[in-house]
Each structure stands twice: as C-alpha cells, then as structure tokens.
Amino acid sequence: MTRQPRDAQKYTGIWPVMLTPFDERGEIDWDSLEKLVEWYLAAGVHGLFAACQSSEMFFLSDKESRRLVSRIVDQVGGRVPIVASGHTASGPSQQVEQLGAMAQTGIDALILISNRLALPGEGDEHMLDTLRQLTEQLPQALDLGIYECPWPYKRLLSDETVAWCAQSDRYTFIKDTSCHLPTMARRLALAQGSDLHLANANSQTLLTSWQEGCQAYSGVMANFHPDLYVWLYENWRREPQLAQELADYLSTAALIETLDYPICAKYWQQRLGNFATLRCRVRGAGVFNDGFFPAAVDSMARLGERWQRRLMDQRA
C-alpha cells in the first residue's frame, strides 16, 4: 500500500497522557471519561495519548483497552489526532494480536512500549531485532511510535534504535522519558529530516528541549493544567521572558506528580467536577487521603489559576 504524505505538524504540540476514570465498583466510568475528553479539548491540546501508563493500561483487559480507545476516537471525531498503546503482552504472538486489534480502533498512530521488546537483562541489539520483527507484522498504513514507559521497568532507546525508527518511514512519535537534554539532542540529530517527532515527558527540561528542537510535550502534568502547556508551546518564541517565568512555575508544579500519581490527578479531576471518584486499579487512595497530599495539590492549582488569569488579562 502506498503511504500518503504526512502532515509535518500532526505529532507536535501538547499531548496529554489520558487518565481512565473508574466508578466505585472499579469499572470504567464512561460519563466521567466524556467530561475528561471535552476538558482536554477545551484547553486547546493538539492531540491525545490514550491507553498509556496514566490510563492504567497494565490493569485493563485487552477488551477494555480497545473499548476505551474506540469511545475516545468516536467522541473526538477527528478534532485532534489520537495515539494509543495498550501494549502490555509479553509473548511475541500475543503482542502482534494485541497491537493488531488496537490498530483497528481508528487511531492515528499505534504506540509500542519499549520495555515489552526485551527483558531487563537483554541487550539493545536484541531489542532492536524484536522491534524490526514486530514492525513488519503491523499494518503498513498506520503510523507507529514508541513510549519509554517506566513500568514495570524503564527501557531507554539506544541511538541505533532511534536511527532505525527515523529511517524506517514507519515511526512518527517517540515519548521520551530520558529527562536528559544531551540524550534528547542526540535523538533530534538522528531524526533530522525524517517524520520522527520527539515528545518530551519531563516538565523540568521542557522549554529548553523545545528551544533545541523537540516538537511536543506528552506528560502527566497536562492532567492538571493543559491550557498552560498549550500557551507555553504556542508562545515561547514570541514572548520568551514570560515563557521562561511560566516554565519555572510548571517545572516546580510538576513535582506534584510524586504525590501518589495518578491518584493526585484524579483528585484534581474530581475537584473540577469531571470525575466521580478517585478510584484507581493500580493502587488505593488511602495514603493520598491520609496525608498532606490534597492540600499540596490545591496549593499548586491555586498558583496555576493565577497564571491562567494573568495570561487571560494579557490576551485582553
């Protein structure tokens, strides 16, 4: 099948890693999901990353993951592109079946998980061989990506793997979790002239990474104030001083993700009226509720609201 020319801007901008809301029984809360999707879109995000670690994909059945992504695709209706993973299986044949089924949901790109491609003790060459074999068995017309998911262990991509992805004409999206500017700079150089885009997941290095050529942000803090990240992405060149001030706040605010994520994000979504519960499958909410964590999230959010007002006043 002949591949159509790609839109060079399709995989740029702000891409929230989507949460999955659950009801009190632990089942997917579809009403809350609908509210969450519209909240992201109202913030002006450029794309959505569904069925990822923030979605608790390792705690969803394959059927649940596909249904979740299909509902999101239907609701969004092409307003922004959608990428999704759900790549949790270990065996090669299971992975082909799992990813092939997700490819049928109508997504724009299918995201592979780097730690599914090799065991912790296996070398980078083995991982790249696995990636080549798996890629050959996935639909040729569908864009592909890789996410350096930190669970159950973090597997960073070698330079050889990034170079192969860039040259393959299949890969368009790497969710980088290296949190390391020199590593990102090498990857950008390896991807130069290709369709491969680098989405930084780390708020502390974000602005500098954009200044050096990184094309996107796909991190957990877009579950708290995606509109601030959208403003930063769209305005950092025009208003560098204000952008640096905002980046300083976002860098500090992002430390909140260490306070029992994703529960802290679901707490904030509940405060916004989007979620009915804090329920997670990955862990219980006892530690979060029994400590200072809610107050810390509220303080972070109040400071963020000041930034939202400041930026609105500036536009006026």
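Rank these for me by crowding, SER158, SER218, going from fewest to most other beta carbons within 10 Å. Could the numbers behind the result be given before it?
On the way: SER158 14, SER218 29.
Listed from fewest to most nearby Cβ atoms, that is SER158, SER218.
Largest first and in whole Å, what are the equivalent-ellipsoid semi-axes of region 1-51 based on the Cα gyration tensor, each being the root of 5 times an eigenvalue?
29, 14, 8
Which residue, ALA89, ASN115, ALA191, has the largest displacement toward the positive end of the dipole of the chain when charges sit on each Cβ (Lys, Arg +1; Asp, Glu -1)?
Among ALA89, ASN115, ALA191, the one farthest towards the positive end of the dipole of the chain is ALA191.
Looking at region 142-241, which chymotrypsin sites (Phe, Trp or Tyr not before Pro) are in a loop (DSSP not H, G, I, E or B) and have at most 12 other Cβ atoms within 10 Å?
The qualifying sites are TYR153.
Where in region 153-183 does the label zone of GLN204 land, with the point 7 angstrom along Cα→C-beta and an amide N cut-off under 15 Å?
Residues passing the 15 Å test: 177-183.
Once label points are set 7 Å from the Cα along Cα→Cβ at both ASP248 and LEU156, what is their separation, rounded to one decimal in nm?
My value for the distance between the label points is 2.9 nm.
I want to make sure I understand the PRE zone here: with the label point 7 angstrom from the Cα of GLN133 toward its beta carbon, which residues in region 81-108 have backbone N atoms less than 14 Å away?
Answer for this model: 90-97.
Which ordering of PHE58, PHE275, PHE292 is given by a fewest-first count of other beta-carbon atoms within 10 Å? Don't skip to the end; give the middle numbers.
On the way: PHE58 16, PHE275 24, PHE292 10.
Listed from fewest to most nearby Cβ atoms, that is PHE292, PHE58, PHE275.
List MET312, MET184 from most exposed to least, where exposure is judged by having the fewest other Cβ atoms within 10 Å. Provide the component values of the computation, followed by the final result.
Details: MET312 11, MET184 22.
Exposure proxy ranking, most exposed first: MET312, MET184.
Of TYR229, VAL297, GLN270, which is farthest on the positive side of the dipole of region 225-316, counting Cα position, with +1 on Lys and Arg Cβ, -1 on Asp and Glu Cβ, and the Cα centre as origin?
GLN270
Filter the GluC sites (Glu not before Pro) in region 23-128 to those in DSSP coil with at most 16 other Cβ atoms within 10 Å of their Cβ, and list the result. Spell out each step's value before the answer.
Values: sites: GLU24, GLU27, GLU34, GLU38, GLU56, GLU64, GLU97, GLU122, GLU125; in loops: GLU24, GLU27, GLU56, GLU122.
Answer by residue number: GLU24, GLU27, GLU122.
Taking the simple approach of a point 7 Å from Cα along Cα-to-Cβ for both ASP124 and ASP74, what is their distance in nm?
Here the answer is 4.4 nm between the modelled labels.
For GLN211 and GLN167, FRET efficiency with R0 = 22 Å and r from the beta-carbon atoms, rounded to 0.05? Mind dumping the intermediate values first?
Details: r = 26 Å, r/R0 = 1.18.
Once rounded, the FRET efficiency stands at 0.25.
If R₀ is 22 angstrom, what is the calculated FRET efficiency for the pair ALA141 and LEU41, using the beta carbon separation as r and rounding to 0.05?
Values: r = 26 Å, r/R0 = 1.18.
Computed FRET efficiency for ALA141 and LEU41: 0.25.
For region 81-210, what is the convex hull (Cα atoms) projected area averaged across all directions, in square nanometres?
Working: hull surface 30.5 nm².
About 7.6 nm², averaged over all directions.
If all Cα-Cα distances of the chain are sorted into 20 Å bins from 0 onward, what percent lands in each bin, rounded to whole numbers?
Answer for the chain: a P(r) of 33, 60, 7 percent.
Evaluate region 24-154: find the radius of gyration of its Cα atoms, find its Kirkwood radius, and give the ratio Rg to Rh.
0.98
Divide, for region 50-99, the radius of gyration over alpha carbons by 2.2 N^0.38 Å, where N is the residue count. If you can, show how the numbers build up before the last one.
Values: Rg = 11.3 Å, N = 50, 2.2 N^0.38 = 9.7 Å.
For region 50-99, the normalised Cα radius of gyration comes out at 1.17.
No lab work stands behind these numbers, since they all come straight from the coordinates. None of the values given here were measured: they were computed from a predicted structure. Here the Cβ is made from the backbone with ideal geometry for all residues, glycine too, and neighbour counts use every protein chain on show.
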